[in-house]
Amino acid sequence: MKPTQQLQILKDIIGIPSENQNEAAVADYIEQLFTPFSNVQIDRLTYAPGRDNIMVTVSNGQPTLVLTGHMDTVKAGDLKKWTSDPFQAEVRNGKLYGRGASDMKSGLAAIIVTLLEIVQSGQPVTGTIKLIGTVGEETGEYGAAQVTKAGWLDGADAVIIAEPNSGFHEITYTAKGVIDYRVTSKGKSAHSARPHLGINAIDKLLLFYQRMQTAMQQFDQVDPVLGEVVHNVTLIKGGEQVNTIPEDASLMGNIRTIPIYPNQMFYDVIEGLIEDLNQDPTTDLKLEYSFPEEAVPGRSDSPLMKLAQTVYEDLFGFIPEPVGAVSANEAAEFVHAQGDFDIIDFGPGSETSHAIDEYVPVSDYQKAIAFYHAFIRAFFTK
């Protein structure tokens, strides 16, 4: 495939708006690329209308390598602030601009191009390659959770997530987990001049807030790569007007966890606080979680990491550094699949993910395709 054709596939995918939805249209595009080939199996898994995960499998025995990426992007925001249309990919000064160019349609396109070229060559590898495109990564990794539960990654020997890394020079092998929680407080409204006739929902919520801040201090160990546990209350709502005792209030908190502390430990703390505070008959607190993810431990010296570093050094004369991610990613779901495999995140991109005028250096996109080809050859001949 010519470089212009490789680039066109990325442009085409960027041209399909999939801002937190509409991934089925991207899956349609991927499917039509592989449909002409009889030795390819294509599976779809619907999450919701217009939201399909897709898996393209080229099967020729063992071992099994999974290449994966998400098909959604964040919203483009104010289109007037973009230098060019975010859904009409444009190359300027060696950079391709568009929503998702970095996060992560360039990585997705690179693994698509790689597998497509392998299929077109008529010389399949001795083993199985699965290309998986997921939905909903930007809003909770629920596509990754769904395909994992469906068994799409069971029996894998290695997984590469084509998420962007800084300058395509770092390989992510471990990541913090995340717990988003919401606490709602139900009180009783009254005139602020007669507060004894009401129950202040904000007061009850603040009791939880204060005790939660204290309780989190026990999680004081520091991961050498990922750092410390981070807890923030990021959203508070409550009350109707200044002279009325508030009947309703809520807060949302965000915890970034590290591997040494399983998420259940935080659940026990939060739920224990809620139960204890609710012993007061005037207190009515309720708790819910939103797409919690476990931290991903990983190994900086895993066989997968070493092979990726060796392949990259042979190609480009540079050894990419093993790093951790302070934000959660789809590996948090994939680790629940059946099998013993390592996972790395390694793909093209830039520091402009989620930003206006998001871009990927064209050279990094081309490097990624070359790397995935060389890695696949090495993986199936090692």
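The values are calculated or read from the model by the stated rules, or taken from the named source; none is laboratory data. Treat the numbers as computed from the prediction; the structure is a model and nothing was measured. Cβ: placed from backbone, ideal geometry, glycine included. Neighbour counts: every protein chain shown. The accessibility values were calculated without ligands, DNA or RNA, using every heavy atom of the protein model including side chains. Shrake-Rupley method; radii C 1.70, N 1.55, O 1.52, S 1.80 Å.
Worth pointing out:
- Protection proxy ranking, peptides 360-366, 296-302, average beta carbon neighbours within 10 Å, highest first: 360-366, 296-302
- Accessible heavy-atom area order of ARG44, ARG51, ARG194, ARG99, highest first, probe of 1.4 Å: ARG194, ARG44, ARG51, ARG99
- Measuring with a 1.4 angstrom probe and ignoring ligands and nucleic acids, ASP103 comes out at about 20 Å² accessible.
- Inter-probe distance in nm under a simple model that places probes 7 Å from Cα toward Cβ, at LEU206 and ASN39: 7.0
- Residues MET265, MET305, sorted by accessible area with the largest first, give MET265, MET305 [1.4 Å probe; ligands and nucleic acids excluded].
- Carbon and sulfur %, accessible surface of the range 305-382 computed with the full protein complex present, 1.4 Å: 50
- Computed over the chain with a Gaussian network model linking Cα atoms closer than 10 Å, the most mobile of ALA332, ALA370, ALA215 is ALA215.
- Counting only Cβ charges, +1 for Lys and Arg and -1 for Asp and Glu, the dipole size of the chain around its Cα centre is about 600 debye.
- Note, ³J(HN,Hα) from phi for the range 224-239, Karplus 6.51, -1.76, 1.60, rounded to Hz, x at Gly and Pro: x, 9, 8, x, 9, 5, 10, 10, 9, 8, 10, 8, 10, 9, x, x
- Net charge dipole, the range 1-66: roughly 200 debye, given to the nearest 20, about the Cα centre with Cβ charges of +1 for Lys and Arg and -1 for Asp and Glu.
- Span from the the range 115-183 Cα centroid across to the the range 201-216 one, whole angstrom: 38
- Protection proxy ranking of 33-40, 155-162 - average other beta-carbon atoms within 10 Å, highest first: 155-162, 33-40
- From the coordinates shown, Cα extents along the principal axes in Å corresponds to which of (i) 81, 44, 43; (ii) 71, 42, 41; (iii) 80, 45, 36: (iii)
- Note that the chain presents 44 Å² accessible area per residue, ligands and nucleic acids not counted, probe 1.4 Å.
- Whole-percent carbon and sulfur share, accessible surface of the range 1-121, 1.4 Å: 48
- Highest GNM mean-square fluctuation among ASP180, ASP342, ASP223, for the chain modelled with Cα contacts below 10 Å: ASP223.
- Choice from ALA25, ALA295, ALA175 showing the highest fluctuation, given a GNM over the chain with Cα pairs closer than 10 Å: ALA25
- Under the criterion of Cα pairs below 8 Å and six or more residues apart, the relative contact order for the range 1-156 equals 32 percent.
- Ranking by accessible area, most exposed first, for SER350, SER327 with a 1.4 Å probe: SER327, SER350
- Relative contact order of the chain, defined on C-alpha pairs under 8 angstrom at six or more residues apart (%): 24
- Farthest positive-ward along the chain dipole, Cα basis, beta-carbon charges - from THR139, LEU207, GLN120: GLN120
- Computed over protein heavy atoms with a 1.4 Å probe, the carbon and sulfur contribution to the accessible area of the range 177-285 reaches 50%.
- In summary, the lysines within cross-link reach of LYS80, defined as a Cα separation below 29 angstrom excluding same-chain residues under 8 places away, comprise LYS11, LYS95, LYS105.
- Rounded if a/c under 1.5, otherwise prolate or oblate - the range 192-242, Cα gyration tensor axes: prolate
- Beta bridge orientation in the chain: antiparallel %, DSSP, nearest 5: 70
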